[in-house]
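Chemist: Quick one: structure below, then a few questions.
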Amino acid sequence: MKPPPFEYYAPTTVEETLTHLANHGYDAKPLAGGQSLIPMMNFRLAQPSVLVDLNNITDLSYIRPDGNGGVFIGAMTRHKKVGSDPLIAKQIPLVHEAIPNIGTPQVRTRGTFGGSLSHADPSAELVTVSVTLNGRFRVRSQKNERWIPAGEFFIGSFTSALEPEELLVEINLPCLPERSGWSLMEVARRHNDFALVGVAATVTLDKKGNCESASIVFLSVGDRPMQAHQAVGLLKGQKPTAELILAAAEKASSVDIDPGSDIHATAEFRRHLANVLTRRALDEAFNRAREN
Amino acid sequence: MTKHFIGERIKRNEDPRLLTGQALFVDDVEIPGMLHAAFKRSDYAHARILSIDVSTARERPGVVAIFTAQDMGEDWMPGPPLVSPPPTVKDVTFHSRRQAPLVKDIVRHAGETVAVVIAENRYIAEDAVEDILVEYEPLPVVTDLEQALAPDSPKVHDDLDSNLAAHMYQQKGDYESAKARADTIIKRRFYIDRGAAVAMENRGIIANWDEKSKQLTMWDTTQAPIPIRNGTAARLGLSDSQVRVIAPFVGGGFGPKIMMFYPEEMLLPWASKKLCRPIKWIEDRRENFYATTSERQQLHDVEMALTRDGHILGLKDDFLHDTGAFDPYGLTIPLNTQSHLMGSYVIENFSSNCTAVFTNKPIVTPVRGAGRQQGIFIIERMLDIACKELGIDPLEIRRKNFIPPDAFPYHNVIIDQAFSELIFDSGNYKAVFKKTLQMIDYERFVKEEQPRLRSKGKLVGIAIVPFIETTGVGPYEGARVQIETSGKVNVSTGYGTQGQGHFTSFAQIVSEQLGVAVKDVHIITGDTAEFHWGTGSFASRGAVVVGNAVHAAASSVRKKVLKQASKVLATPEDELELEDGLVRVADIPAKSISLGELAALANPLRGAVEPGTEPGLEATDYFGPQSGTTASGCHAMILEVDPETMMVDIKRYAVVEDCGKVLNPLIVEGQVHGGVSMGLGNAFYEKLQFDENGQILNASLADYLIVTSFEMPPHIETGHFETLSPLNKLGTKGVGEAGAIPVPALFAQALENAFQGRDLEILETPLSPNRLFELLQESRTTKEKSQ
Amino acid sequence: MNNSFNLSITVNGIQYEREVEPRLLLSDFLRHDLGLTGTHVGCEHGVCGACTILFDDEPARSCLMFAVTAHGHHVTTVEGLGSIDHLSPLQESFREAHGLQCGFCTPGFLTTLTAFLKENPDPSEDEIREAISGNLCRCTGYQHIMDAVKLAAEKSGN
């Protein structure tokens, strides 16, 4: 399973990279960790005629506070680095929890945050979690720079809002407010497999202990991270009782999502799992919120 | 005191090379001027080839040649049958159809080879494969076993009347009269689906025809180098002595690497001879799912007749067996299934109709277990179902029906895969069962732990499944043992090795006879230039058949050593002992001679030799067992199921293994662990999924799920039990497949036990969380309907 | 089309200069261009882990990297971990615990575990299980591999 031939560039700066992308447009693909792109090339499912190797750009790998409790993460920051970073562990615990779920130890030494997001796999943890946290992504082209909210970035199966000449350079993730809790629940066939269904949830309580806000986002149930808007609607302003959580889980799994069937799971089983996982995730998230 | 080597946990001779990347595997071989092959394979499972256009592909720089079936001219012919149908079973119907090196007109399974590109490297070869344009006329595809036998089914071979590949009926006693006497008849239908071997090393072949010396050298990941040599020589019109086949280190076999002749095995030597260049083909992982054989799919309609106190009167099993598009491997798998349907039990009346069916799917040949797993799955499931219906304890029903230890050799009447009567040579099934129960703490779990955990809402289940395994079948293997003047011992055998530790276990047998350190015994396997006769690695026969050949040859050498040393040391033979590479007089250790010196004396450069003596200290011996030996064992497991997500967590796992005399406990344990990991795959993770067009939906390691460190039990406790085989001098039995055989039955029993009260009945394997979910939904619906 | 790249790479401490095609996978470069055949190829889609090498001392799948990406970096293969006469403590532990059978997946385990034990000299059972979860073995069922790692950790603790 050998990849087809391609033209190769190895820029050392973002500017050089953007020039290549501008020159080649649709023909060019940036190469980050390669953990998703190269298997597809070896299977010849992806046949980019131009590959722009980002691995020699050193200034895209960083984790910095954003001044508001959140973080800026450079797009080429490797998963392993994110997973062991104390700032992330403290400020963005949902990401800290998500990292060990990504693939295998070897995948995590090479895979990058920006690469995972750009690949836009609806089964990817970081893709989902960045939507749950209302993150935003800084995207540059030769002529332009813009910020895209996570909720608008993933527009289809393996399809992001990136234009061919654009490069994702930075991710901004806000921290959760006080009295917040979070949870990531997944079910996978084998420990390291992509989830059959997963849910990343955050909740925030008001001073009275009612649910002030919530974010419930699923992975592996659609062509992009699926937000459980109706379930969130049920929770808002209410006391998070066991019955309410059950109702929210029911709503999320029956109305908010429309999962498909594939070789690993039927739609019906996915719905069932979504129900179970939402309930468990909300339980955990609310418990954490109460502790905070 | 003589040291003992057999039965010791000796570190493996082969490990230093393997651990440092210095072991030679097929793809490691580089020959100057070597070319690389890639195959154009059919995307269709059933189609007529209308045209093949290779013109663009030929133009690609770096492409040296492209061949289609047309280009082979008169050299094109299908492979020979590997195993014939059993001549000893009456009225067998068998339609032999075999695969060809390249498809001529009709493609019969997805992945069949349509053309081959030979290029300077594999990258270019794959580019050129994409350039080849094949025009197909798609034909209707048949994948389902029952549909394949329907009168209007598309035919895989249109020169036959139907897709019936074979029919075989076997019986013991008289099932119908047993049925008439029975208090209970239990009927069920079972479905077992396909799995693949997934050795970590894919297949690979290098063929190097040297025009000047007129010699063909092949490196092949085969489990059977000698038959490959013989068949290749025959196909190319060469003498055996012109062909050398080397199976170096092979990264796992598990069965499919003994299938022959694969299309690529027929093509590559021919192409090398045509181009007079060495050519290498290394299978990639995607190809492996289509191009390498797989196994297990069967559909069984079973009936068991019992007395009300759980005594089995008779068993009837009519089943369909998927053979894929061709049937080069005869009826080995169904014979194994039939041989294992009666399990470890006294069943005096048995009847089994087997129908092998052609389908538009890749060829079926043995994968670890080779049909035994299906037999054990069925008998053990039927017993579990019987105990529920009769209200008998699952342990009791087994104890009641076990073949007792004084009943050996036990004649099971039907014919097995070795074409002779299925005779169990020795065993003590009750004792093995009891030991396993103790190891898993069965009673305490069922009486105390399980109720306690269940009261907390934890769904825990326990299971225990005994099994037998026919092993060590003939026809024969051979070995040559030679003491060198260095004092080290050289052993050659025609057998291959794929990780079973032959370099060590066979050495231990020699050490036991000659008193030489295991590390000083050098084993050569898998090279036809080193040993001329043999069949190959299958049916858990290495330790038994090769082991005993090695033992015989080493014993012969020992006799020669004693005879000569007796003369040299002027001492009677019975006062001599062999230890530490020396022959010494028992009470006078100073009076000794090294084996190396003896070897030199045995091969004089001058002078006369006595008539009748052979040079050196060397012997060649063969071992051909009259019948296979029967190993046995028992597995037990405790698992917990999450009743909402259907995810399974194995808490405890115990195995008792009776493989007769154990040569090396480390190696036996390793075989058991590996077997369990494959068995778990067949129980809950591995399923080769085909769509109705004959396409494999999960042809990658991301989607075909083999277990990782996490899915295994936290620790497999292994116990040994030894009932020696009377059929060979070492008293040993095979163990290579044992670990995999009872696992699906075990898993099913454990899940039913965990879900007790939920009416769950498992009649299929492999399962999955999704399938478990569906079965529970169905059982709930049935319960509601019946209320 | 630039189909030739001047690659400079250090492998097991030796620096190599070669002209390669950009699409040449690192696994193929190591095995066929440098003749270091200890690194094995099992799947070419990053799942089996047999091709794992150390890239700047971190375990990485060499089938998921183009050799050109390794330009200027250092790679360690199984050949750099020990020799037949001088097995590393980890290699010796594998032998003692029977942590290999056919040996095809073994180099990938050894590189992965060499890096792991350096960072985690005293790992728990769960940590070991996690560390090897990205390497597939079809022969051993992993149990003896786990035993080998525990043994190696004990050895270096002394």
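Chemist: Report yes if some residue within the range B:115-134 is of a type in the set (Phe, Trp, Tyr), assigned to a strand (DSSP E or B) and surrounded by 15 or more Cβ atoms within 10 Å (Cβ to Cβ); otherwise report no. Lay out the reasoning, then the answer.
Modeler: In the first step, residues of the range B:115-134 are kept if they are of a type in the set (Phe, Trp, Tyr); the result is B:123.
Of the ones still in play, those that are also assigned to a strand (DSSP E or B) are none.
Checked against the condition, which is being of a type in the set (Phe, Trp, Tyr), assigned to a strand (DSSP E or B) and surrounded by 15 or more Cβ atoms within 10 Å (Cβ to Cβ), the range B:115-134 yields no hits at all.
Chemist: Give me a count of the residues in the range C:55-85 that are surrounded by fewer than 24 Cβ atoms within 10 Å (Cβ to Cβ), more than 9 Å from every other protein chain (Cβ to nearest Cβ) and in a strand (DSSP E or B).
Modeler: 2
Chemist: Collect the residues in the range B:383-397 that are aliphatic (A, V, I, L, M) and in a helix (DSSP H, G or I), keeping them in residue-number order. Quick ask: steps written out before the conclusion?
Modeler: Pass one, the range B:383-397, residues aliphatic (A, V, I, L, M): B:383, B:385-386, B:390, B:392, B:395, B:397.
Across the range B:383-397, the qualifying residues are B:LEU383, B:ILE385, B:ALA386, B:LEU390, B:LEU395, B:ILE397.
Chemist: Looking at (1) over 22 Å from C:GLN101 (Cβ atoms); (2) within 14 Å of chain C (Cβ to nearest Cβ); (3) among the charged types (D, E, K, R), find the lone condition where B:ARG58 falls short.
Modeler: For B:ARG58, the failing item is (2).
Chemist: What number of residues within the range C:145-158 satisfy the criterion of being surrounded by fewer than 24 Cβ atoms within 10 Å (Cβ to Cβ), within 12 Å of another protein chain (Cβ to nearest Cβ) and not acidic (Asp, Glu)? Write out each step before concluding.
Modeler: Just the residues of the range C:145-158 that are surrounded by fewer than 24 Cβ atoms within 10 Å (Cβ to Cβ), to begin with: C:146-147, C:150-151, C:153-158.
Adding the requirement that they be within 12 Å of another protein chain (Cβ to nearest Cβ) leaves C:146-147, C:150.
Those left that are additionally not acidic (Asp, Glu): C:146, C:150.
Residues flagged as surrounded by fewer than 24 Cβ atoms within 10 Å (Cβ to Cβ), within 12 Å of another protein chain (Cβ to nearest Cβ) and not acidic (Asp, Glu) within the range C:145-158 amount to 2.
Chemist: Only residues in the range A:11-32 that are exposed (fewer than 15 other Cβ atoms within 10 Å of the Cβ) count as the first member; pair them with residues that are in a loop (DSSP other than H, G, I, E, B) and polar (S, T, N, Q), Cβ under 6 angstrom, at least 6 apart or cross-chain, and list the lot.
Modeler: A:THR12/A:ASN56; A:ASP27/A:SER49
Chemist: Do we have any residue at all in the range A:37-51 that's crowded, with 22+ Cβ neighbours inside 10 Å and more than 9 Å from every other protein chain (Cβ to nearest Cβ)? So that I can check it myself, show each step before the final result.
Modeler: Step one: of the range A:37-51, the residues crowded, with 22+ Cβ neighbours inside 10 Å are A:38-39, A:41-42, A:51.
Filter again for more than 9 Å from every other protein chain (Cβ to nearest Cβ), leaving none.
No; the residues of the range A:37-51 include none that is crowded, with 22+ Cβ neighbours inside 10 Å and more than 9 Å from every other protein chain (Cβ to nearest Cβ).
Chemist: Can you tell me how many residues within the range B:606-639 are of a type outside the set (Ser, Thr, Tyr) and more than 30 Å from B:GLU380 (Cβ to Cβ)? Can you show your working first?
Modeler: Taking the range B:606-639 first, the residues of a type outside the set (Ser, Thr, Tyr) are B:606-612, B:614-619, B:621, B:623-626, B:628, B:631, B:633-639.
Pick out the ones that are also more than 30 Å from B:GLU380 (Cβ to Cβ) and you get B:606-612, B:614-619, B:621, B:623-624.
Summing the residues that are of a type outside the set (Ser, Thr, Tyr) and more than 30 Å from B:GLU380 (Cβ to Cβ) in the range B:606-639 gives 16.
Chemist: Just wondering, is there one or more residues in the range B:680-690 that are without any contact (Cβ under 8 Å) to a residue 40 or more places away in the chain and either at the interface with chain A (Cβ under 10 Å from one of its Cβ atoms) or surrounded by fewer than 24 Cβ atoms within 10 Å (Cβ to Cβ) (or both)?
Modeler: First, the residues of the range B:680-690 that are without any contact (Cβ under 8 Å) to a residue 40 or more places away in the chain: B:689.
Cutting the leftovers down to either at the interface with chain A (Cβ under 10 Å from one of its Cβ atoms) or surrounded by fewer than 24 Cβ atoms within 10 Å (Cβ to Cβ) (or both) gives us B:689.
Within the range B:680-690, one or more residues are without any contact (Cβ under 8 Å) to a residue 40 or more places away in the chain and either at the interface with chain A (Cβ under 10 Å from one of its Cβ atoms) or surrounded by fewer than 24 Cβ atoms within 10 Å (Cβ to Cβ) (or both).
Chemist: Still on this structure: Condition test on B:ILE403, is it out of contact with any strand residue (DSSP E or B) (no Cβ under 8 Å at 6 or more places or on another chain) and in contact (Cβ under 8 Å) with a residue 24 or more places away in the chain?
Modeler: On the way: out of contact with any strand residue (DSSP E or B) (no Cβ under 8 Å at 6 or more places or on another chain): no; in contact (Cβ under 8 Å) with a residue 24 or more places away in the chain: yes.
Criteria not met by B:ILE403.
Chemist: Determine which member of the set B:GLY33, B:GLY21, B:GLY73, B:GLY7 is within 14 Å of chain C (Cβ to nearest Cβ) and either in contact (Cβ under 8 Å) with a residue 24 or more places away in the chain or at positive phi (or both). Let's see the steps before the verdict.
Modeler: Working: B:GLY33 fails: within 14 Å of chain C (Cβ to nearest Cβ); B:GLY73 fails: within 14 Å of chain C (Cβ to nearest Cβ); B:GLY7 fails: within 14 Å of chain C (Cβ to nearest Cβ).
Residue meeting the stated conditions: B:GLY21.
Chemist: Moving on. List every residue pair whose Cβ atoms lie under 9 Å apart, where the two residues are 6 or more positions apart in sequence or sit on different chains, the first residue falls within the range B:180-199 and is within 14 Å of chain C (Cβ to nearest Cβ), and the second residue, located anywhere, is surrounded by 13 or more Cβ atoms within 10 Å (Cβ to Cβ) and part of a strand (DSSP E or B).
Modeler: Pairs found: B:GLY195/B:SER294; B:GLY195/B:GLU295; B:ALA196/B:SER294; B:ALA196/B:GLU295; B:ALA197/B:SER294; B:ALA197/B:GLU295.
Chemist: Further question: Does at least one position in the range A:139-162 carry a residue that is surrounded by 16 or more Cβ atoms within 10 Å (Cβ to Cβ), touching a helix residue (DSSP H, G or I) at 6+ places or on another chain (Cβ under 7 Å), farther than 16 Å from A:PRO30 by Cβ and within 14 Å of another protein chain (Cβ to nearest Cβ)?
Modeler: No.
Chemist: Right, next: All but one of (1) closer than 18 Å to B:ALA517 by Cα; (2) at pLDDT below 95; (3) among the small types (Gly, Ala, Ser) hold for B:ALA554; state the number of the condition that does not hold.
Modeler: For B:ALA554, the exception is condition (2).
Chemist: Could I ask something else about it? For the range B:193-242, what are the residues that are part of a helix (DSSP H, G or I) and buried (at least 24 other Cβ atoms within 10 Å of the Cβ)?
Modeler: Keep residues of the range B:193-242 that are part of a helix (DSSP H, G or I), which gives B:225-236, B:240-242.
Answer for the range B:193-242, where residues must be part of a helix (DSSP H, G or I) and buried (at least 24 other Cβ atoms within 10 Å of the Cβ): B:PRO225, B:ILE226, B:ILE228, B:ARG229, B:THR232.
Yes/no matrix, rows are residues, columns are (1) of a type in the set (Ser, Thr, Tyr); (2) in contact with a strand residue (DSSP E or B) (Cβ under 8 Å, 6 or more places away or on another chain); (3) at pLDDT 95 or above; (4) in a loop (DSSP other than H, G, I, E, B):
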| site | (1), (2), (3), (4) |
| --- | --- |
| B:VAL245 | no, yes, yes, no |
| B:PHE254 | no, no, yes, yes |
| B:MET260 | no, no, no, yes |
| B:MET266 | no, no, yes, no |
| B:PRO269 | no, yes, yes, no |
| B:ARG277 | no, yes, yes, yes |
| B:LEU299 | no, yes, yes, no |
| B:GLU303 | no, yes, yes, no |
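Chemist: Of everything in the range C:18-39 that's outside any loop (DSSP other than H, G, I, E, B) and more than 19 Å from C:LEU54 (Cα to Cα), which residue is nearest to the other protein chains (Cβ to nearest Cβ)? Step through it out loud before you land on a result.
Modeler: Filtering the range C:18-39 for residues outside any loop (DSSP other than H, G, I, E, B) gives C:18-20, C:25-33.
Still in the running and more than 19 Å from C:LEU54 (Cα to Cα): C:18-20.
Numbers: C:ARG18: 15, C:GLU19: 13, C:VAL20: 10 Å.
Within the range C:18-39, the match that is nearest to the other protein chains (Cβ to nearest Cβ) is C:VAL20.
Chemist: Residues to consider are B:GLU126, B:GLU137; find the one that is within 14 Å of chain A (Cβ to nearest Cβ) and under 30 Å from A:PHE43 (Cβ atoms). Explain how you work it out, then say what you get.
Modeler: On the way: B:GLU137 fails: within 14 Å of chain A (Cβ to nearest Cβ).
Within the list B:GLU126, B:GLU137, the selection yields B:GLU126.
Chemist: To continue, here is another question. Taking only pairs six or more apart or across chains, which ones have beta-carbon atoms under 9 Å, a first residue in the range B:755-779 that is small (Gly, Ala, Ser), and a second residue that is part of a helix (DSSP H, G or I)?
Modeler: B:SER768/B:PHE684; B:SER768/B:TYR685
Chemist: Another one. Would the range A:58-74 turn up any residue that is of a type outside the set (Lys, Arg), under 22 Å from C:PHE66 (Cα atoms), within 14 Å of chain C (Cβ to nearest Cβ) and surrounded by fewer than 22 Cβ atoms within 10 Å (Cβ to Cβ)?
Modeler: To start, the set of residues in the range A:58-74 that are of a type outside the set (Lys, Arg) comprises A:58-63, A:65-74.
Filter once more, keeping what is under 22 Å from C:PHE66 (Cα atoms): A:58-61.
Pick out the ones that are also within 14 Å of chain C (Cβ to nearest Cβ) and you get A:58, A:61.
Next, from what is left, pick out any that are surrounded by fewer than 22 Cβ atoms within 10 Å (Cβ to Cβ): A:58, A:61.
Yes: one or more hits.
Chemist: If you don't mind, there's one more thing I want to ask. Check the range B:466-485 and report whether any residue there is in a loop (DSSP other than H, G, I, E, B), hydrophobic (A, V, I, L, M, F, W, C) and touching a helix residue (DSSP H, G or I) at 6+ places or on another chain (Cβ under 9 Å). Working first, answer last.
Modeler: Our first condition is that a residue be in a loop (DSSP other than H, G, I, E, B); within the range B:466-485, this holds for B:472-476, B:484-485.
Still in the running and hydrophobic (A, V, I, L, M, F, W, C): B:473.
Filter once more, keeping what is touching a helix residue (DSSP H, G or I) at 6+ places or on another chain (Cβ under 9 Å): B:473.
Yes; the residues of the range B:466-485 include at least one that is in a loop (DSSP other than H, G, I, E, B), hydrophobic (A, V, I, L, M, F, W, C) and touching a helix residue (DSSP H, G or I) at 6+ places or on another chain (Cβ under 9 Å).
Chemist: Scanning for something over 25 Å from A:PRO259 (Cβ atoms) and either away from chain C (no Cβ under 14 Å) or surrounded by fewer than 23 Cβ atoms within 10 Å (Cβ to Cβ) (or both), does the range A:110-124 turn up at least one residue? Step through it out loud before you land on a result.
Modeler: Initially, the range A:110-124 is screened for residues over 25 Å from A:PRO259 (Cβ atoms), giving A:110-115.
Now narrow it down to the ones that are either away from chain C (no Cβ under 14 Å) or surrounded by fewer than 23 Cβ atoms within 10 Å (Cβ to Cβ) (or both): A:113-114.
Scanning the range A:110-124, I find at least one residue that is over 25 Å from A:PRO259 (Cβ atoms) and either away from chain C (no Cβ under 14 Å) or surrounded by fewer than 23 Cβ atoms within 10 Å (Cβ to Cβ) (or both), so the answer is yes.
Chemist: On the basis of being among the hydroxyl-bearing types (Ser, Thr, Tyr) and in contact with a strand residue (DSSP E or B) (Cβ under 9 Å, 6 or more places away or on another chain), does A:SER157 make the cut? Give the steps one after another, and end with the answer.
Modeler: On the way: among the hydroxyl-bearing types (Ser, Thr, Tyr): yes; in contact with a strand residue (DSSP E or B) (Cβ under 9 Å, 6 or more places away or on another chain): no.
No: the conditions fail for A:SER157.
Let's see how each residue does on (1) at pLDDT below 95; (2) on the phi < 0 side of the Ramachandran plot; (3) among the small types (Gly, Ala, Ser):
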site	(1), (2), (3)
C:SER4	yes, yes, yes
C:CYS43	no, yes, no
C:GLY49	no, no, yes
C:LEU64	no, yes, no
C:ALA70	no, yes, yes
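Chemist: Oh, and also: Quick one: in the range B:701-738, which of the residues that are of a type in the set (D, E, K, R) and more than 14 Å from chain A (Cβ to nearest Cβ) is farthest from B:TYR476 (Cα to Cα)?
Modeler: Going residue by residue through the range B:701-738, those that are of a type in the set (D, E, K, R) are B:703, B:711, B:717, B:722, B:729, B:733, B:737.
Next cut, more than 14 Å from chain A (Cβ to nearest Cβ) only: B:717, B:722, B:729, B:733, B:737.
Values: B:GLU717: 34, B:GLU722: 24, B:LYS729: 15, B:LYS733: 15, B:GLU737: 19 Å.
This residue is B:GLU717.
Chemist: Considering only residues that are under 25 Å from the mean Cα position of the chain (by Cα) and at positive phi, which ones fall in the range B:231-269?
Modeler: Listed by number, the residues that qualify are B:GLY252, B:PHE254, B:GLY255.
The values are calculated or read from the model by the stated rules, or taken from the named source; none is laboratory data. On a predicted model such as this, the values are computed, not experimentally measured, just so you know. Here Cβ is always computed from backbone atoms with ideal geometry, including for glycine, and neighbour counts include all displayed protein chains.
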